[in-house]
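First up is the structure itself, then whatever we jot down about it.
The values are calculated or read from the model by the stated rules, or taken from the named source; none is laboratory data. Just so you know, these numbers come straight off a predicted model, no measurement behind them. Methodologically, a virtual Cβ is constructed for each residue, glycine included, from the backbone with ideal geometry; neighbour enumeration extends over all protein chains shown. These accessible areas exclude ligands, DNA and RNA; they are computed on the full protein's heavy atoms, side chains included. Shrake-Rupley method; radii C 1.70, N 1.55, O 1.52, S 1.80 Å.
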Amino acid sequence: MPFDFINPESLGAPRGYSNGVLAHAGGRLLFVAGQIGWDEKQTIVSEDFVAQFDRALRNVVTVVMEAGGSPQQIARLVMYVTKKTEYIDRREEIGRCYRTHLGKHFPAMVLVEVKGLLDDKAKVEIEAIAVLNS
């Protein structure tokens, strides 16, 4: 099965992974690697949870669009957070960020609390699967 590796320049050069892997099989599946709240210089944008969530989701959407898709083609989101209470306490703000990037599109989602993420400053990481038109 052929793959295209999707690594938008705006996310910086990945080290040891691809930001997206596009599989060609009937419909096209795009597997988006976990994205954290960092910019093109791979610097965490803020210590604020909501700012990190916003940037991580923006980075997911960037990968999907680089592959020729749209946010509405995201079929699944997995969100890892270091403090679920921070997510719960700030749901309204997170909802506004979410709607900015995905509108009223609600794919299958899961939220998992983890002890830590690869970057010690990261508070949230989001991965996705998108189904793109063939």
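Just so you know, in the stretch 103-117 the residues that are free of Cβ contacts under 8 Å to residues at least 60 places away in the same chain and not in a strand (DSSP E or B) include one that is surrounded by the most Cβ atoms within 10 Å (Cβ to Cβ), and it is Pro107. Residue-level check: of (1) aliphatic (A, V, I, L, M); (2) closer than 14 Å to Phe53 by Cβ; (3) in contact with a helix residue (DSSP H, G or I) (Cβ under 9 Å, 6 or more places away or on another chain); (4) surrounded by 15 or more Cβ atoms within 10 Å (Cβ to Cβ), Val131 misses just (2). Applying the condition of being under 20 Å from Leu111 (Cα atoms) and in contact (Cβ under 8 Å) with a residue 40 or more places away in the chain to the stretch 65-79 and asking which residue is most open to solvent (accessible area, probe 1.4 Å) yields Arg76.
Residue pairs whose Cβ atoms lie under 8 Å apart, sitting 6 or more positions apart in sequence or on different chains, and linking a residue in the stretch 32-60 that is over 13 Å from Asp119 (Cα atoms) and open to solvent by 40 Å² or more (accessible area, probe 1.4 Å) to a partner that is β-branched (Val, Ile, Thr) and in a helix (DSSP H, G or I), are Asp54/Thr100. Does the stretch 68-82 include one or more residues that are part of a strand (DSSP E or B), in contact with a Lys or Arg (Cβ under 8 Å, 6 or more places away or on another chain) and under 18 Å from Lys123 (Cα atoms)? Taking every residue of the stretch 68-82 in turn, at least one turns out to be part of a strand (DSSP E or B), in contact with a Lys or Arg (Cβ under 8 Å, 6 or more places away or on another chain) and under 18 Å from Lys123 (Cα atoms). Scanning the stretch 15-31 for residues being open to solvent by 40 Å² or more (accessible area, probe 1.4 Å) and either modelled with pLDDT of 95 or more or not basic (Lys, Arg) (or both) gives a total of 7. Only a single item in (1) open to solvent by 60 Å² or more (accessible area, probe 1.4 Å); (2) under 17 Å from Ser10 (Cα atoms); (3) in a helix (DSSP H, G or I) is not met by Thr100, and it is number (2). Restricting Glu125, Glu93 to those that are open to solvent by 40 Å² or more (accessible area, probe 1.4 Å), under 21 Å from Gly12 (Cα atoms) and in contact (Cβ under 8 Å) with a residue 40 or more places away in the chain reduces the list to Glu125.
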